[in-house]
Amino acid sequence: MSIKPLAFKMRPRTIEEIIGQQHLVGEGKIIDRMVKAKQLSSMILYGPPGIGKTSIASAIAGSTKYRFKTLNAVTNNKKDIQIVAEEAKMSGKVILLLDEVHRLDKGKQDFLLPYLENGMITLIGATTSNPYHAINPAIRSRCQIFELKPLSIEEMKIALTRAIEDAERGLGEYSLDVTDEAIEHFAGSSFGDVRSSLNALELAVLSTSPGEDGVIHIDVTIAEECLQKKSFSHDKDGDAHYDVVSAFQKSIRGSDVNAALHYLGRLVEAGDLPSISRRLLVIAYEDVGLANPQAGPRTLAAVETAEKIGFPEARIPLANAIIELCLSPKSNSAISAIDFALADIRKGKSGDVPDHLKDAHYQGAKELGRGIEYKYPHSYESGWVPQTYLPDKLKNAQYYTPKSTGKFEQAIAQVYDKINKQMKN
């Protein structure tokens, strides 16, 4: 057996062999058109690990017959890139797969740019980080950016079946009996990571002795042992983290309890209590707000409880809070109001504080006219008296617009409306 892992040996040799990513390599799609027209441009392939970034690069090279080199932006140095450049000069064109392209330092970048400009090197950069956030604009502007998607379970099954049957590169030389349940587990428990599922399949085959019939039998128990429970991939500084947190908040805002609990589960599985706690407190005041004011204190209590007891029990108070937040009426009137006020201030709309509101607690304040005409609201029966509070430049500004989604805000909206009418009289 070759020491190269199964996933490496099963890499597609042409784009026709690629499984998945049909939005890029399918008939008439962008990469298919590039290959057929022999008009390759530099590109950045962006997506989670194990879903085919390197496979697409090698398939492109195989389909076009150009020389193909693989480097890593972290482990390979500038001299390695210089060697690729020399090969490009001799052969006319080289396809360079550069893994972790977002880690390319300035020295390597400066050397590489002229070769991208003249087309001698076609760069295929691979990264799990969002290129719009992580990749230097000088490189990014010279590349097309393509996002890859995790493979579906059906696509994973195709890759596994192909590996089982392929006698040249795969496991076809073995007498195998892999049950449907085992294939289902390999396909469904890898979260679209075909590399992980293929390597687990290979481990299962190589570590299982043939039966009396000379056949290696792989059932779901063996599959579970070899794949285990795939460790949940969650980089707290990566795009997947921010995508999950974004979906988490938007699901609660949209009152979808089941979706919110799903994304909570992903964050719990990642052990990311700080992100959960911070986001829930923000949601309680940003999205629920005045429609259910008690949601804020109750969410804080749930968060504090979760932090004291830790996982796995922390999931219980968190789930309580999420269900309440999801099914509470929603109001963003408070955040909208402060943002409107900030927008005016940032545009230079502020003005001087009215004299009657200025601090009068010092000697000489009266002579300066500070606080003289101020009316103390508690001295009036209703606890309110008409007087100007905003600077003259903004005396008619209105930042708060009540919503009628919750009973509490409906009640304070009546007070607000009454005050506004009295101020106009």
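Structural remarks
- Residues in the range 127-185 that are over 27 Å from Asp99 (Cβ atoms), hydroxyl-bearing (Ser, Thr, Tyr) and assigned to a helix (DSSP H, G or I): 1 in all.
- Within the range 156-182, the set of residues being open to solvent by less than 50 Å² (accessible area, probe 1.4 Å) and touching a residue at least 40 places away in the same chain (Cβ under 8 Å) comprises Met156, Ala159, Leu160, Ala163, Asp166, Arg169, Gly170, Leu171, Leu176, Val178, Thr179, Ala182.
- The set of residues in the range 263-291 that are open to solvent by less than 30 Å² (accessible area, probe 1.4 Å) and either over 26 Å from the mean Cα position of the chain (by Cα) or of a type in the set (Lys, Arg) (or both) contains only Ala291.
- Pick from the range 183-203, criterion farther than 17 Å from Gly170 by Cβ and of a type in the set (D, E, K, R), ranking: most open to solvent (accessible area, probe 1.4 Å): Glu184
- Single residue of the range 292-314 satisfying the filter (buried (at least 20 other Cβ atoms within 10 Å of the Cβ) and in contact with a Leu (Cβ under 8 Å, 6 or more places away or on another chain)) that is farthest from Ala411 (Cα to Cα): Ala314
- Members of the range 100-114 that are open to solvent by 20 Å² or more (accessible area, probe 1.4 Å), touching a strand residue (DSSP E or B) at 6+ places or on another chain (Cβ under 7 Å) and not in a loop (DSSP other than H, G, I, E, B): His102
- Restricting the range 327-373 to residues that are part of a helix (DSSP H, G or I) and among the acidic types (Asp, Glu), the residue that is least open to solvent (accessible area, probe 1.4 Å): Asp344
- Residue check, Asn332 within 25 Å of Tyr399 (Cα to Cα), in contact with an Asp or Glu (Cβ under 7 Å, 6 or more places away or on another chain), touching a residue at least 40 places away in the same chain (Cβ under 8 Å) and of a type outside the set (A, V, I, L, M): yes
- Complete set of residues in the range 16-47 that are closer than 28 Å to Asn118 by Cα and among the hydrophobic types (A, V, I, L, M, F, W, C): Leu24, Val25, Ile30, Ile31, Met34, Val35, Ala37, Leu40, Met43, Ile44, Leu45
This table checks each residue for (1) β-branched (Val, Ile, Thr); (2) touching a residue at least 40 places away in the same chain (Cβ under 8 Å); (3) under 18 Å from Ala61 (Cα atoms).
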residue	(1), (2), (3)
Lys106	no, no, no
Asp110	no, no, no
Pro114	no, no, no
Thr127	yes, yes, no
Asn130	no, yes, no
Ala138	no, no, no
Arg142	no, yes, no
Glu147	no, yes, no
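- In the range 115-125, the residues that are assigned to a helix (DSSP H, G or I) and closer than 13 Å to Ser141 by Cα: Leu116, Glu117
The values are calculated or read from the model by the stated rules, or taken from the named source; none is laboratory data. All of these numbers come straight from a predicted model, not from anything done at the bench. Neighbour counts run over all protein chains shown; Cβ positions are idealised from the backbone, glycine included. Ligands, DNA and RNA are excluded from the accessible area calculation, which covers all protein heavy atoms including side chains. Shrake-Rupley method; radii C 1.70, N 1.55, O 1.52, S 1.80 Å.
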